[in-house]
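J.: Take this structure first; my questions come after.
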Amino acid sequence: MDTLASVPNSQSSFACLDFINSRWRDHRDGIGVYDRLPNPQWQNWFLERWRLRPEPGTGPLPLHDLVGARSALRALLESWASGQQPPAGEVAALDRILARSHVQRRLEASAGHLNLRDEPARRDWTWVLGELVASAAALAGAGPSARLKVCGNDLCSWLFWDESHNLSRRWCDAATCGNLVKVRNHRRRRRAQA
Ligand SMILES: [Zn+2]
């Protein structure tokens, strides 16, 4: 049963990571694949957490576009993390998403202070998709790329941003994947000794 509570650490520093992690492999067998994107409970959680809820009347959730954006974002960020050239097709697809999302610039002024900010022309799904792409760019800007990691459990696909001082974090969650790998390694050593 997939409940939001069943996977720990389902919060990260960047919206794009929570978005990408909406699809993940079972960390125990590496075979089962779960996808929360179609799950209204997950959608609510995600849109609230990142303040990305579209205005009412702006159309249904574009599942197909979101699924496409999610796999393009994963490919982009994994190549960035490993220092490889980002795949051109995915970059072009994400660029098209940004080009469709319209933002307008606004000016705020107070004594001695001028502030220019971007705001969405319309809070619809085009805006949501654009914000997800922008979040990946913000992540890359926050670098270094060594902070972006896939969980150290080979069977787990969870992406996370390692905010530890010495980049020592290995697991999406030490209590689940960390323990699982420790137990697995222990059993392997015992079998090897037997
Ligand atoms: Zn993991």
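Every read-out reported here was derived from the displayed coordinates using simple, explicitly stated rules and does not represent laboratory data. Model, not experiment: these values are computed from the prediction. FYI the Cβ positions are ideal-geometry reconstructions off the backbone, even for glycines, and counts take in every protein chain you see.
J.: Run the simple label-point estimate for His165 and Leu116 please: 7 Å along Cα→C-beta, distance reported in nm.
T.: Simple spin-label model gives 3.9 nm for this pair.
J.: Roughly how tilted is helix 125-142, in degrees to the nearest 10 and between 0 and 90, from the longest Cα axis of the chain?
T.: 60 degrees
J.: Still on this structure: Normalised by the residues of the chain, what does the relative contact order come to in percent, with Cα pairs under 8 Å and at least six apart?
T.: It rounds to 23 percent for the chain.
J.: Test of understanding: ordering Val33, Val67 by Cβ neighbours within 10 Å, fewest first, what list do you get?
T.: Val33, Val67
J.: Subtracting the Cα-Cα distance from 0.36 nm times the residue separation, let me have the gained length for Ala88 to Glu48 in nm, one decimal. Mind dumping the intermediate values first?
T.: Values: separation 40, 0.36 × 40 = 14.40 nm, distance 3.20 nm.
So the extension gain works out to 11.2 nm.
J.: Here's a follow-up. With a point put 7 Å past each Cα toward its Cβ, work out how far Ala175 is from Ser79 in nm, to one decimal.
T.: Here the modelled spin labels are 3.8 nm apart.
J.: Hey, another quick one. Provide, as a two-decimal number, the C-alpha radius of gyration of segment 38-149 over 2.2 N^0.38 Å, N being how many residues it has.
T.: That works out to 1.21 for segment 38-149.
J.: Here's another thing I want to ask about it. How would you order 170-176, 23-29 from highest to lowest mean count of nearby Cβ atoms within 10 Å? List each step's numbers first, then the result.
T.: Numbers: 170-176: 18.3, 23-29: 16.0.
Descending packing order for the listed peptides: 170-176, 23-29.
J.: Using +1 at the Cβ of each Lys and Arg and -1 at the Cβ of each Asp and Glu in segment 15-193, identify which of Gly112, Ala69, Trp171 lies farthest towards the dipole's positive end.
T.: The residue sitting farthest along the positive end of the dipole is Trp171.
J.: Grab every C-alpha pair in the chain, bin the distances at 5 angstrom width from 0 up to the longest one, and report whole percents.
T.: Taking all Cα pairs of the chain, the binned fractions are 1, 7, 14, 17, 17, 15, 11, 7, 4, 3, 2, 1, 1, 0, 0, 0 percent.
J.: Using the basic label-point model (7 angstrom from Cα toward the beta carbon), what is the Thr58 to Arg188 distance in nanometres?
T.: Modelled inter-label distance: 4.7 nm.
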